[in-house]
Amino acid sequence: MLDLKEEVEKYVTNQLPDYKLLHIRAPKVIHDTVWGSNLFMPHEVALLDLPLVQRLRRISQVAVASLVYPSGNHNRFEHSLGVAVIGEQLVNALFQKIEEGQKKGLKPFTDVQVNKDFVLTHVRIAAIMHDCGHGPFSHLSEKIYEKFDDLLKVKKEDPALSKASAHEILSYLIVSSNSFKLFFEKNISHEYGVKVDLNLVAQMIVGYVKDQRFAFIVDIINGVFDADKLDYIQRDSHFTGIKMVLDLQRLFYTVDLVYDASEKLRLSVDISGVSTLEQIIFNKMMLFTTVYHHHKVRAAESIFKDLIMKLKSETIKLNGVSFSSTADFLHLTDDDIYTLAGHENKVIRYLATNLRNRRLPMRALVLSRKTTGTDPKSILKAVITLDRNGGLDILKKAISAAAKEKLGKDVPEEEIWIDLQPGPNFKEATLCPIKSMGEKQNFIKLHEVLPVDDWVQAFSQVKWSGYVFTRPEYRETVYEASKIVLEEAFDIKLNDFSRFLCKIDEEDISSNV
Amino acid sequence: MLETYIKQLKLLRQEVAPEDIIMALFSQMKSDIIRKDHGAIQEAMFKLRETPGYKSFLEDFIFDTSGITPYSKLLEKVINRLETFSVFGTLNPSYDMYKLDKDYLLNAYEKFDTNKKDLLARMGQELESLIA
């Protein structure tokens, strides 16, 4: 059996040799709803044309959120273009400061050992390639394959990957594969006269600093306020219709460099730019609570997860792959998942049809601080237990058994879905260096300037919810059965809000969205 | 069947989870009010993990050391959970201190055998002085 690196190598090899690049004669202007008209150089257009990148057009940026926010249909391809555009603006703003500082002989700017063209070329290519490792429905499939053994193994073995997320690891393996390097050298470097260090591009994608000189360049693509985040906050809010303010101009005026404890030059913001960083954190909080963690989004995600796990457990092939390797997800896009609505397997067909037609399960019980009254600690026991391998499956079985044995009703366990929201992290406050000349290290952490993370965390924690979902006809029974199980297994004593929030009793008189 | 499943769930909870290790450590602090600063906690836990003899407890907490402070995603997740469910109570209006629910935390500590408890107690006290 091949390891993940070899599987990715095979995938890239299969994608590239028969692919004939069209010669791009001149730069192209590409229009974008969020960032307007932007110029892409011939070698970048050639890269964008690769099937490895084109598949991102068929991967939704916000997974199944468009089932709740209908205009949220933007994809990973347009996001990648956006990251290139914002990345360039960050580089331009930073080098304006670096060049001014160098003219005046000021540190740390005089220690910058790379020129702007080098940085710009690498930032834009890393931006274009940074998401090519995503699978269908972006982070939804990532949540499944991040637990695969082959991915965990490569993550453990390669120090460059220790902090990387699963899709970043796949993008890294694609960009650093021999097939990609050979193809790039022959068809892009040679053809367009651009010199690119693809190892550096791959390291930028996973946020790994190997060469001290390049630390701040890595931060532009994978740092605390990287181009990726600056694009997705604006793009996701624009397309979902959730209004947000992000003063990028102010950020660009205040972008700066500082030395970290190991004397590496890092991307930073002057203390006068803190308000934009606060906006980033507040916006992230709003996106999580209103979009990514919307209960209908979570219900759709539960269906998707079941679908993939069913395919995997029964080794059913989709588009020639059977999910035995993490790399199998690279062969798929969102449309492949929807084709399963015509599958011969009854369960697969049922789940895929429901996802495609937005026939989503409904809330039967809500678990939150509000629904357990004064003792939210009892939920912690459940959350920790259900995190263990197999925990959620046992709970489903228990609810189905309680329905039968205690209430005399049949509810198939396949019609019960359980979702426990992961909490968002606000690591920006801990990891973002704010330039402040009076400090011992010449920087201070955002948290020390203003503990904005504490406030948004408190908000997110109050908003935290876990759900038991089921089909409308089972809601009443599943509510009662879940209550019995949660009390017996975890001593959770639920109050009436656990039911009111599901709107079970309002089914006939309200829109139940 | 219901009884069997309930038993299985209860058995699962007996396994030592990352949350249990963190709760056990905090249960051994002398004070029940400590500074709420994720950066300081991350840094302190990293130092503890690097201390000879302590790593076996903290092996699952992988730290990224490429930023301005060591950072573990798992530690962040655990601390967030303990906050969300009020084991680490946050004190209004400044949110800059944690009020630790010592009784609850001690339940996690009691999961460990005597040798491990001694070690955890030492680690917990060192952690307290590192965070202070």
Neighbours by Cβ (under 7 Å, 6+ apart or cross-chain): first from region B:1-20, more than 7 Å from chain A (Cβ to nearest Cβ); second of a type outside the set (Gly, Ala, Ser) and part of a helix (DSSP H, G or I): B:Pro18/B:Leu74; B:Pro18/B:Val78
Tally up the residues in region A:284-341 that are of a type in the set (A, V, I, L, M, F, W, C) and outside any helix (DSSP H, G or I), please. 5
Starting from residues that are over 18 Å from A:Pro136 (Cα atoms) and without any contact (Cβ under 8 Å) to a residue 60 or more places away in the chain, keep the ones in region A:275-311 and report whichever is nearest to the chain's Cα centre (by Cα). A:Leu287
Pick from region A:238-288, criterion among the aromatic types (Phe, Trp, Tyr) and either in contact with a Gly (Cβ under 8 Å, 6 or more places away or on another chain) or farther than 20 Å from A:Gly36 by Cα (or both), ranking: surrounded by the fewest Cβ atoms within 10 Å (Cβ to Cβ): A:Tyr253
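If we scan region A:409-424, do we find a residue that is within 27 Å of A:Lys463 (Cα to Cα), within 8 Å of chain B (Cβ to nearest Cβ), modelled with pLDDT under 90 and not in a helix (DSSP H, G or I)? Explain how you work it out, then say what you get.
Residues of region A:409-424 within 27 Å of A:Lys463 (Cα to Cα): A:415-424.
Restricting the remaining residues to those that are within 8 Å of chain B (Cβ to nearest Cβ) gives A:422-423.
Remaining after also requiring modelled with pLDDT under 90: A:422-423.
If we keep only those that are not in a helix (DSSP H, G or I) as well, we get A:422-423.
Yes, there is a match, as at least one residue in region A:409-424 is within 27 Å of A:Lys463 (Cα to Cα), within 8 Å of chain B (Cβ to nearest Cβ), modelled with pLDDT under 90 and not in a helix (DSSP H, G or I).
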Could you grab me the full set of residues in region B:47-95 that are more than 9 Å from chain A (Cβ to nearest Cβ), touching a helix residue (DSSP H, G or I) at 6+ places or on another chain (Cβ under 9 Å) and among the hydrophobic types (A, V, I, L, M, F, W, C)? B:Leu48, B:Phe57, B:Leu58, B:Phe61, B:Leu74, B:Leu75, B:Val78, B:Ile79, B:Phe88
Does region B:96-112 hold any residues that are aromatic (Phe, Trp, Tyr) and within 10 Å of chain A (Cβ to nearest Cβ), and which are they? B:Tyr104
Look through A:Leu151, A:Leu94 and report the one residue that is more than 19 Å from A:Val218 (Cβ to Cβ) and either of a type outside the set (Asp, Glu) or within 16 Å of the chain's Cα centre (by Cα) (or both). A:Leu151
Residue satisfying all of: in region A:212-234; assigned to a helix (DSSP H, G or I), touching a Phe, Trp or Tyr at 6+ places or on another chain (Cβ under 9 Å) and in contact (Cβ under 8 Å) with a residue 40 or more places away in the chain; farthest from A:Ala65 (Cα to Cα) among these: A:Ile217
Which residue out of A:Ile399, A:Ile416 is surrounded by 21 or more Cβ atoms within 10 Å (Cβ to Cβ) and in contact with a Lys or Arg (Cβ under 9 Å, 6 or more places away or on another chain)? A:Ile416
Would you confirm, using the coordinates I've provided, whether A:Leu367 is buried (at least 19 other Cβ atoms within 10 Å of the Cβ), of a type in the set (A, V, I, L, M, F, W, C), without any contact (Cβ under 8 Å) to a residue 40 or more places away in the chain and within 14 Å of chain B (Cβ to nearest Cβ)? no
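For the condition part of a helix (DSSP H, G or I), more than 7 Å from every other protein chain (Cβ to nearest Cβ) and in contact with a helix residue (DSSP H, G or I) (Cβ under 7 Å, 6 or more places away or on another chain), what is the one hit in A:Ile399, A:Ile394, A:Ile384?
Working: A:Ile394 fails: more than 7 Å from every other protein chain (Cβ to nearest Cβ); A:Ile384 fails: more than 7 Å from every other protein chain (Cβ to nearest Cβ).
Every option except A:Ile399 fails the conditions.
Just the residues that are aliphatic (A, V, I, L, M) and not in a helix (DSSP H, G or I), please, taken from region A:129-177.
Let us first name the residues in region A:129-177 that are aliphatic (A, V, I, L, M), namely A:129, A:140, A:144, A:151-152, A:154, A:160-161, A:164, A:166, A:169-170, A:173-175.
Scanning region A:129-177 gives a single hit, A:Ala164.
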Would you please name the residue that is nearest to the other protein chains (Cβ to nearest Cβ), looking only at residues in region A:443-494 that are surrounded by fewer than 17 Cβ atoms within 10 Å (Cβ to Cβ) and within 30 Å of A:Glu263 (Cβ to Cβ)? A:Glu448
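The values are calculated or read from the model by the stated rules, or taken from the named source; none is laboratory data. Just so it is clear, the structure is predicted and the values come from calculations on it, not from any experiment. Cβ coordinates were reconstructed from backbone atoms using ideal geometry, including for glycine residues, and neighbour counts include every protein chain displayed.
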